[in-house]
Amino acid sequence: MQNFIDEIEQRTPAGIAAAIGRLITSGRLTPGDRLPTVRVLAGELGVSPATVSHAWQALAAVGLIVSRGRGGTFVQDKAPNWLPARSQSMIGAVGPARLDLSRGTPDPRLLPPLGPALSRVAQRAVTPSYHDLPIIPELLEVLQASWPYPVETITIVDGALDAISRSLDAVTRFGDRVIVENPSFPPFFDLLDQLGLERLPVAVDQHGLVPADFAAALKLGPVAVILQPRAHNPTGTSMSLKRAEQLAGLLRAGAASKTIVIEDDHSADISIAPDVSLGRWLPERTLHVRSFSKTHGPDLRMAALGGPAALIEPIVSRRLLGPGWTSRMLQTILHDLLTTGDSLARVSEARHIYFARQRALSEALREFGLNVRQADGINTWLPVQNERDALVRLAASGIRVAGGSPFLATKGGPTFIRVTAGALPDDVRPVAEALAAAAHPSDSAVHPIGARWA
């Protein structure tokens with residue numbers, strides 16, 4: 001018990017939670033350890049039981065502790081083994097929160113309604129042949145017209161991660177090297193690990209992959225590069241046309257002349273940035289993924305995968321020995337959503353609302369000393385003095401965000417949190433104030449963000 005008392009410098013819910021959080025993350029408290037009861041710890045600290053209870057709620061909200069009713073409160077055990085490694089580290093977001101900014105998912109209120117599209121779909125799921133084209137012709141026509149460069153062929157798969165997975169299966173072999181953005185989407189790292197592929201992390205700045213770092217990684221002979229051209233998750237960066245051309249130029253040279261580009265354009269219709277793809281310069285070796293989860297609904301589970309026939313056709317062939325094709329009924333619904341005036345208007349409105357929320361957040365953060373560049377899409381990436389402390393302090397305020405560690409390809413260096421700005425309320429100032437206070441709790445004047453994010 002005395003260890004608890006000595007570690008707790010601030011007798012507030014946030015201070016108590018942060019101190020216990022440090023004991024857990026440092027390993028001094030281990031999974032399964034039983035914690036003092038609320039009343040016992042409150043008596044030792046000379047605070048009300050409500051103060052300790054709020055601290056316990058904050059720790060539970062970030063997945064550090066768990067209550068077992070009358071059995072007591074314990075340090076949380078590890079996440080289920082069936083979850084991939086990075087997903088295990090992200091599972092802490094459990095239980096209710098006053099404001100959940102951790103999910104990285106679209107605001108459900110801004111998605112176009114499915115009812116009208118469903119009402120126009122045939123009542124029976126009929127397909128004349130198991131060997132029909134995997135994409136319905138009318139959807140193919142719409143996608144080709146909106147593709148960022150003339151593309152040889154397009155197919156439909158079951159979401160962006162399915163597209164990335166199948167692309168890697170088609171172009172890599174065990175032990176190959178793959179360039180990834182740092183930071184990037186955690187399941188990409190899990191996927192590469194499971195396929196036995198070596199990650200080559202390349203830093204990202206406000207324009208995309210850093211050319212000098214990219215050139216250095218290309219010298220190591222990567223088979224592929226995975227990048228997010230717009231509304232990058234987690235940073236909200238969108239690649240500039242100039243940067244895309246620079247990267248394409250580097251890929252034309254020497255040993256990089258056979259490296260395959262895999263692009264995940266997951267936020268196409270809600271991004272404020274111009275459409276950009278390395279396929280404009282390298283169409284013969286670019287696999288471009290356009291998904292619709294963030295714009296039309298995560299449960300549609302659909303993504304378009306386009307590229308040269310030599311790369312796409314083996315993917316289509318392999319799918320015939322598994323799922324076969326993505327439901328043509330779902331494709332018909334997607335086609336309706338991509339062509340109906342009301343749905344188009346709703347997605348356009350969502351883009352403007354996300355833009356406004358990102359702008360309001362960046363302006364409010366600057367008021368409180370965090371000089372951040374406005375992000376694109378639905379996520380914002382904020383540096384913090386201590387990731388775990390920031391998560392706990394925000395949880396004590398009823399705000400949940402995602403820790404930055406799972407998004408980083410390498411350990412060490414600056415720490416971050418990811419904020420789903422797309423889920424912000426209309427009045428962002430209280431949230432911005434809480435974010436700034438959690439980011440640098442010991443500073444009277446918050447340090448500005450480093451040059452890459454300023």
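Normalised by the number of residues in the range 303-421, the average gap of Cα pairs under 8 Å and 6 or more apart makes the relative contact order 20 percent.
For the range 171-272, chymotrypsin sites (Phe, Trp or Tyr not before Pro) meeting the loop criterion (DSSP other than H, G, I, E, B) and having at most 12 other Cβ atoms within 10 Å: 174. The stretch between residue 433 and residue 205 holds 79.5 nm of extra length on full extension. This uses 0.36 nm per residue minus the Cα-Cα distance. On the chain, 53 percent of the accessible area sits on carbon and sulfur atoms, based on a 1.4 Å probe. Suppose we look only past 14 Å in the calculated P(r) of the range 348-443. What percent of the Cα-Cα pairs does that tail hold? Every Cα pair in the range 348-443 considered, those over 14 Å come to 64 percent. With 5 Å bins beginning at zero, the pair-distance distribution over Cα atoms of the range 195-325 amounts to 2, 10, 18, 22, 20, 15, 9, 4, 0 %. As a length-normalised measure over Cα pairs under 8 Å and 6 or more apart, the relative contact order of the range 239-297 settles at 40 percent. Using Cα centres only, tell me the gap between the range 420-435 and the range 2-32 in whole Å. What the calculation gives is 27 Å, centre to centre.
Normalising the average separation of contacting C-alpha pairs (under 8 angstrom, six or more residues apart) by the number of residues puts the relative contact order of the chain at 20 percent. Our note on the geometry: Cα centres of the range 201-278 and the range 323-366, 23 Å apart. Distance between the modelled labels on residue 330 and residue 275, one decimal in nanometres: 2.3 nm (7 Å Cα→Cβ projection). Around the Cα centre of the chain, unit charges on the Cβ atoms of Lys, Arg, Asp and Glu (plus for the first two, minus for the last two) sum to a dipole of about 540 debye. First measure r as the distance between the Cβ atoms of residue 100 and residue 144, then evaluate 1/(1 + (r/R0)^6) with R0 = 35 Å and state the FRET efficiency to the nearest 0.05. The computed FRET efficiency comes out at 0.40. Computed over Cα pairs, the Kirkwood radius of the chain leads via Stokes-Einstein (1.567 mPa s, 4 °C) to a diffusion coefficient of 55 µm² per second. Full extension of the segment from residue 70 to residue 363, taken as 0.36 nm per residue of separation minus the current Cα-Cα distance, would add 100.9 nm.
Every helix of 4 or more DSSP H residues in the chain counts as -39500 (n - 2.57), and over all residues that averages to -11500 deg cm²/dmol at 222 nm. Using the 1.4 Å probe convention, the accessible area of the chain works out to 44 Å² per residue with neighbouring protein chains retained. A protection proxy built from the mean count of other Cβ atoms within 10 Å ranks the segments 138-146, 417-425, 7-15, most packed first, as 417-425, 7-15, 138-146.
The values are calculated or read from the model by the stated rules, or taken from the named source; none is laboratory data. Fair warning: this is a prediction, and the values are worked out from it, not measured in the lab. Cβ coordinates were reconstructed from backbone atoms using ideal geometry, including for glycine residues, and neighbour counts include every protein chain displayed. These accessible areas exclude ligands, DNA and RNA; they are computed on the full protein's heavy atoms, side chains included. Shrake-Rupley method; radii C 1.70, N 1.55, O 1.52, S 1.80 Å.
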